[in-house]
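Here is the structure we will look at.
Nothing in this text is a laboratory measurement; each read-out follows from the coordinates by a stated rule. Every value quoted in this text rests on a predicted model; they were computed, and no experiment measured them. Here the Cβ positions follow ideal geometry from the backbone for every residue, glycine too, while neighbour counts run over all protein chains shown.
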Amino acid sequence: MSQSRELYDAVLNGNAKKAHEATQAALEAGFAPMTLITESMVPAMDEVGRLFEAEEYFVPELLLAGRAMRSAMELLRPLLATAGEKMSVKVIIGTVKGDLHDIGKNIVASMLEGSGFEVVDLGSDVAPERFVAAVEEYKPQFVCMSALLTVTIPAMKTTIDALNAAGLRTRVKVLVGGAPVTPRYAREIGADGYSESASGAVTLVRRMVAIA
Amino acid sequence: MSADKVRIRLEPLSVVVEVPRGEPLLSSISQLGFEFPCGGTGFCGGCKVRVLAGSVLVTEQDLSAFSPEELAHGWRLACQAHAETSIVLECVQWHMDVLTDDSGQSALKPGLRKHGLGIAIDLGTTTIAAQMLDLASGDILAVETDLNPQSAWGSDVMSRIRAALTGTDLTTIVRSKLQAIVLNLARGRELEIDEVVLVGNTVMHHLFAGLDVEPLSRAPFESALLGEQSFSPQELNWPLSSACRIRFLHCLGGFVGSDILAGIVAIGMPSADNLTALVDLGTNGEIAIGSRRGILCASTAAGPAFEAGTIRMGMRAVAGAISRVFYSNANMQATVIGDGEARGICGSGLVDAVAAGLQSGAILPSGRIANRTKIFPVCEPVVLDQADIRELQLAKAAIASGFRLLLKCLGASADDVQSIYLAGAFGNYVQIDSAIGIGLIEAPKTCIHAAGNAALRGAKALLLSKEESALPEIAHVSLAAEPNFQDEFVNCMTFPRMKHIPEAH
Ligand code: B12
Ligand code: FES
């Protein structure tokens with residue numbers, strides 16, 4: 001048996017309590033934490049993403065699944081740390097300066113985390129300098145930016161410019177999203193990727209990791 | 001323009017087409033989106049236009065469709081007309097229904113110690129409504145409505161801010177439109193006007209007054225200049241008596257402006273003993289709840305779904321729009337404006353349709369369309385797709401969660417609210433049953449009332465009152481700063497479970 005069906009179902013159905021219990025039970029039954037993540041949680045989040053793309057799931061289901069995932073991760077994360085295991089890919093994410101819309105960003109963060117990436121969430125209203133400082137501190141491979149307002153979208157460009165000025169731009173891939181962002185704008189400002197959805201963000205990161 | 005061509009301009013959208021002289025309008029203006037509901041037979045009257053410039057011959061069909069007086073005012077059926085000269089036409093089917101308010105003195109209980117004439121103006125993001133009053137009697141002497149000319153720079157306040165920040169002079173644009181409106185109202189009595197009172201949201205306030213909108217373009221979206229802005233006619237270059245005062249009333253905080261202040265006054269919230277609420281179901285989604293003991297307000301940024309703005313087959317409430325949907329005896333029935341074929345759906349139709357879908361079970365409480373097609377047919381050929389329903393869920397959740405959070409801030413529960421007034425055009429047309437059905441408003445039906453143009457009504461009351469009567473404190477709550485917003489928003493995104501409707505016997 002390589003996967004915990006209970007954990008998979010609990011994440012898929014967005015049941016945080018069950019996810020916690022299932023994780024505990026699986027650990028007691030001798031599952032390795034990393035196996036639980038890759039064999040149960042990631043497939044569950046993939047299915048959540050697929051259901052969202054298929055228009056079966058919407059924002060509430062995504063947030064609930066994210067919450068369930070996190071309640072399992074609370075148990076798993078310390079174990080990974082003591083075992084010296086590390087997620088291979090690190091992502092920093094934030095809503096850009098001037099913008100407090102963070103619901104979409106939160107969903108992207110939890111989908112990425114549930115897909116087995118290490119996510120550092122900088123929150124909302126994140127100034128370019130803070131993105132730069134976080135890249136220096138956490139040394140991520142990816143920087144994700146979210147913006148929901150016509151007037152804050154230009155902050156994505158300012159942030160990319162700041163990464164350039166700090167000589168960090170080539171060390172990271174920059175992904176952008178949020179309802180009013182367009183693929184064209186993403187290209188214009190020199191972002192490496194854009195997606196209109198959180199599951200698309202996961203696909204982007206996976207694809208770029210595979211290429212790199 | 002070559003000699004054998006003429007130019008047709010259609011108002012209020014100001015779209016222009018050049019056509020060969022003598023061409024029937026039927027073939028030339030449908031490309032501009034003008035509709036001929038009966039296909040041009042001359043029977044429906046849905047293609048009615050008014051000739052504003054140039055001339056159009058009167059046809060036989062015109063004689064039976066219009067009175068001599070209407071014909072003299074330039075009314076014609078577009079489907080019968082030919083473009084013999086360059087013309088400018090006003091298109092009734094493109095007219096947004098601009099709500100005005102006809103309450104005069106009696107309803108307003110003015111202090112009535114003023115004299116002379118006064119003008120009240122509701123400067124909306126989309127529409128403008130203005131009235132001239134006799135300040136002594138409170139009588140309405142003239143009414144003007146129009147579209148906000150800034151609309152060419154985007155439909156929501158954020159786009160206007162961006163346009164202003166990138167150098168467009170939206171101040172001059174709106175001031176000259178308002179000047180024209182004021183002169184139209186006054187018709188020669190300019191010098192008798194003692195006072196002009198304007199209300200509108202914070203962005204309209206700033207743009208009219210020529211204040212810097214930069215602080216409104218970034219978090220925390222607070223401007224330091226929310227106070228009343230007062231002008232002399234000279235400052236605006238309006239040809240009124242130099243004693244006249246022109247006042248744009250003060251904003252309440254964030255994006256919530258004096259239109260909501262006026263609405264609060266209009267529905268009597270400042271003197272209410274029990275909690276009363278005002279919900280403006282526009283793009284900004286403003287909510288105020290309170291009583292004589294104090295009032296809280298907030299804006300929830302619902303977006304344009306209630307105006308069917310982000311709906312695939314969405315359209316304004318004009319000919320061809322589904323405006324009502326009923327579900328009875330397992331049957332879906334739709335009403336189309338103008339009785340022609342359905343071409344799309346407007347905001348009230350959208351809310352009805354989804355409420356009906358919830359009743360029939362075609363739409364699940366999660367918002368999912370139950371069958372695999374992900375298409376919800378409303379009335380041939382109009383359908384809603386899954387994304388349309390998602391848009392409505394976001395918009396209604398923004399309003400409902402904002403309402404719940406304001407109640408929480410007041411330490412009150414939904415049962416404590418005695419009356420809820422719905423303002424704005426959509427608030428006036430939406431079926432209250434359906435609004436309850438989709439969970440947009442969470443209250444018993446008997447508590448919910450349409451408020452009409454409460455902003456204009458309140459502006460008149462404030463214009464007529466001798467002194468600023470003492471209002472209770474009105475505090476603005478920034479929902480962005482509410483840590484519970486996300487949870488409440490997501491809770492409100494699903495639809496209420498429908499109670500089983502007993503079959504009629
Ligand atoms: C909820 C909401 C709010 C809440 C925000 C709460 C919060 N904590 O986030 C509150 C009420 C506080 C709010 C406030 C404001 N809002 Co608001 N808000 C909305 C609303 C209703 C929904 C937004 C949302 O959460 N969508 C759901 C999420 C899940 O979608 P999403 O963010 O697009 O994310 C998805 C994808 O885009 C993608 N994605 C997102 N980020 C990223 C990043 C990457 C890298 C990738 C790959 C993908 C990706 O994945 C997500 C999931 O699939 C919209 C209107 C609407 N109907 O959409 C207005 C809206 C966004 N707000 C608007 C405005 C104007 C404001 C205010 C400025 C004004 C006001 N009236 O108060 C304030 C400003 C607040 C601030 N300082 O930022 C406008 C913006 C208009 C414009 N042209 O810019 C909108 C469109 C409404 C409107 N038309 O007026 N708002
Ligand atoms: S289209 Fe002209 S009367 Fe019907």
Seminar exercise, completed: Rg (one decimal) and Dmax (whole number) from the Cα set of segment A:3-83, in Å, equal 12.1, 40
Exercise. So how far apart, in nm, are the two label points at B:D433 and A:T203 if each is 7 Å from Cα heading toward Cβ?
Worked result: 4.3
For this session: Treating only the Cβ atoms of Lys and Arg (+1) and Asp and Glu (-1) as charged, compute the dipole magnitude of segment B:5-95 about its Cα centre; round to the nearest 20 debye.
Result: 220
Exercise. What does the charge dipole of chain B about its Cα centre add up to, to the nearest 20 debye, if the Cβ of each Lys and Arg holds +1 and the Cβ of each Asp and Glu holds -1?
Worked result: 600
For this session: Would you list, by chain and number, the aspartates and glutamates whose Cα falls below 13 Å from the Cα of B:K445, excluding same-chain residues fewer than 8 positions away?
Result: B:D415, B:D433
Exercise. For the pair B:D415 and A:T35, what calculated FRET efficiency results from E = 1/(1 + (r/R0)^6), where r is the Cβ-Cβ distance and R0 = 60 Å, to the nearest 0.05?
Worked result: 0.70
For this session: Putting +1 on Lys and Arg Cβ atoms and -1 on Asp and Glu Cβ atoms, find which of A:G177, A:V108, A:L51 reaches farthest to the positive end of the dipole of segment A:40-188.
Result: A:G177
Problem set entry | Where labels lie 7 Å past Cα in the beta-carbon direction, separation of A:K17 and A:K139 in nm | 4.3
Exercise. For the protein assembly as shown, what number results from the quotient of the Cα radius of gyration and 2.2 N^0.38 Å?
Worked result: 1.06
Problem set entry | Förster radius 56 Å - calculated FRET efficiency between B:A142 and A:E129, Cβ distance, rounded to 0.05 | 0.50
Exercise. Pairs A:K18/B:K396; A:K17/A:K139; B:K177/B:K396; A:K105/A:K139: which exceed 25 Å Cα-Cα?
Worked result: A:K18/B:K396; A:K17/A:K139; B:K177/B:K396
Exercise. Can you give me the Cα centroid spacing of segment B:368-392 and segment B:154-204 in angstrom?
Worked result: 40
Seminar exercise, completed: Burial-style ranking of B:487-493, B:259-265, B:66-72, average other-beta-carbon count within 10 Å with highest first, yields B:259-265, B:487-493, B:66-72
Exercise. Given charges of +1 on the Cβ of Lys and Arg and -1 on the Cβ of Asp and Glu, with all other atoms neutral, how large is the dipole of the protein assembly as shown about its Cα centre, in debye to the nearest 20?
Worked result: 900
Exercise. What percentage of all Cα-Cα pairs in chain B are separated by more than 41 Å?
Worked result: 24
Exercise. Which of the DSSP-defined H helices in chain A satisfy a minimum axial length of 24 Å, computed from C-alpha atoms, and a minimum mean Kyte-Doolittle hydropathy of -0.5?
Worked result: A:59-82
Problem set entry | Among A:G200, B:L407, B:L364 the positive-end extreme of the charge dipole of the protein assembly as shown (Cβ point charges) | A:G200
Problem set entry | Estimated FRET transfer efficiency when R0 is 30 angstrom, pair B:V16-B:A72 (beta carbons, to 0.05) | 0.70
For this session: Grab the alpha carbons of chain A, take their convex hull, and tell me the volume per residue in Å³.
Result: 115
For this session: Take every DSSP beta bridge whose two residues both sit in the protein assembly as shown, then give the antiparallel share in percent to the nearest 5.
Result: 55
Problem set entry | Stretch gain in nm, segment B:S328-B:S271, where the contour uses 0.36 nm per residue and the Cα spacing is subtracted | 16.4 nm
Exercise. To two decimal places, what compactness ratio does segment B:219-296 give when its Cα radius of gyration is scaled by 2.2 N^0.38 Å?
Worked result: 1.35
Exercise. How long is the gain from A:E196 to A:R171 if the chain were fully straight, where each residue apart is worth 0.36 nm and the alpha carbon distance is subtracted?
Worked result: 6.6 nm
Problem set entry | Mean shadow area of segment A:90-211, taken as a quarter of the surface of its Cα convex hull (nm²) | 6.2
Exercise. By how many nm would the segment from B:T41 to B:E214 grow when fully extended, if each residue of separation counts as 0.36 nm and the alpha-carbon distance is taken off?
Worked result: 57.0 nm
Problem set entry | For chain B, with +1 on Lys and Arg beta carbons and -1 on Asp and Glu, the positive-most of B:M313, B:L261, B:P483 along the dipole | B:P483
